[in-house]
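Note sheet for the following structure.
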Amino acid sequence: MELRTLQYFLTVAREENITRASEVLHITQPTLSRQMKQLEQESVTCADLLSVPLITPARLYVQKEISNWLGADINKLNVLATVNMMTHAAMFINSGVACGLTIEGAVDLFEDSKMVFKPLNPCLELTAVLAWKRFHSLSGAAAKFLEYIKNIRKAE
């Protein structure tokens, strides 16, 4: 992925219109459309992230995993902000201010979103631990969530 292609994407997001974005970029609209289609089919590499403004998770464990994936300190990235929930950063990502680095599905709640999920290459997979008090009463939502997780584990 080229930096130019990411700039095209950010301009389309900022302008909220591909025709206006093509005018701002001084390229034809069909050329920009073709570039956006190619971008949707690409994955993101470490080199792609080095010069792009990013919003990352605030959890130190996740930042360490990102650093391991980069093969370098996360401080080499242009991190504008860290957040506890990527949904809090959605407004900035949608406006083209920055790109978000998050797990797949973390921001699927927005129907009118201009965000696109791009997988990392090589793939970055994280593990998580879920703990609860064994004989403690759970709320209805927590009990349903725990039941859902247990069913996923059984299916594996």
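The values are calculated or read from the model by the stated rules, or taken from the named source; none is laboratory data. Not measured: the values here are computed from a predicted model. Methodologically, a virtual Cβ is constructed for each residue, glycine included, from the backbone with ideal geometry; neighbour enumeration extends over all protein chains shown.
Could you please tell me which pairs satisfy a Cβ distance under 7 Å, a separation of 6+ or placement on different chains, a first residue in the stretch 123-147 that is within 30 Å of W69 (Cα to Cα), and a second residue that is among the charged types (D, E, K, R) and modelled with pLDDT of 80 or more? If the second residue must be among the charged types (D, E, K, R) and modelled with pLDDT of 80 or more, the pairs left are L124/E65; L126/E65. Restrict the check to the stretch 65-82 and report whether at least one residue is surrounded by fewer than 18 Cβ atoms within 10 Å (Cβ to Cβ), touching a Ser or Thr at 6+ places or on another chain (Cβ under 9 Å), assigned to a loop (DSSP other than H, G, I, E, B) and modelled with pLDDT under 80. No; the residues of the stretch 65-82 include none that is surrounded by fewer than 18 Cβ atoms within 10 Å (Cβ to Cβ), touching a Ser or Thr at 6+ places or on another chain (Cβ under 9 Å), assigned to a loop (DSSP other than H, G, I, E, B) and modelled with pLDDT under 80. Taking the numbered list (1) within 13 Å of the chain's Cα centre (by Cα); (2) free of Cβ contacts under 8 Å to residues at least 40 places away in the same chain in turn, L70 passes all entries but (1).
Of all residues in the stretch 125-147, which are of a type in the set (S, T, Y) and within 23 Å of Y61 (Cα to Cα)? The one that is of a type in the set (S, T, Y) and within 23 Å of Y61 (Cα to Cα): T127.
Scan the stretch 37-55 residue by residue and report those that are closer than 26 Å to V83 by Cβ and out of contact with any Leu (no Cβ under 9 Å at 6 or more places or on another chain). Talk me through it step by step, then tell me what you get.
First, the residues of the stretch 37-55 that are closer than 26 Å to V83 by Cβ: 39-40, 42-55.
Passing the criteria: E40, E42, A47.
If the requirement is being in a loop (DSSP other than H, G, I, E, B), crowded, with 16+ Cβ neighbours inside 10 Å and either without any contact (Cβ under 8 Å) to a residue 12 or more places away in the chain or of a type in the set (S, T, N, Q) (or both), which of these qualifies: T56, T102? Among T56, T102, only T102 is in a loop (DSSP other than H, G, I, E, B), crowded, with 16+ Cβ neighbours inside 10 Å and either without any contact (Cβ under 8 Å) to a residue 12 or more places away in the chain or of a type in the set (S, T, N, Q) (or both).
Counting just the residues of the stretch 24-44 that are in a helix (DSSP H, G or I) and out of contact with any Ser or Thr (no Cβ under 9 Å at 6 or more places or on another chain), which one comes out modelled with the highest pLDDT? Spell out how you get there, then give the answer.
To start, the set of residues in the stretch 24-44 that are in a helix (DSSP H, G or I) comprises 24-25, 29-40.
Okay, now just the ones that are also out of contact with any Ser or Thr (no Cβ under 9 Å at 6 or more places or on another chain), so 34, 37, 40.
Working: R34: 87, K37: 81, E40: 72.
Within the stretch 24-44, the match that is modelled with the highest pLDDT is R34.
Look at the stretch 28-53: where a residue is closer than 20 Å to V97 by Cβ and a partner is of a type in the set (K, R), sitting 6+ places away or on another chain with Cβ atoms under 6 Å, you get V44/K118.
Checking the condition modelled with pLDDT under 85, part of a helix (DSSP H, G or I) and over 19 Å from L120 (Cα atoms), which residue from A47, A21, A13 passes?
Details: A47 fails: over 19 Å from L120 (Cα atoms); A21 fails: modelled with pLDDT under 85.
Among A47, A21, A13, only A13 is modelled with pLDDT under 85, part of a helix (DSSP H, G or I) and over 19 Å from L120 (Cα atoms).
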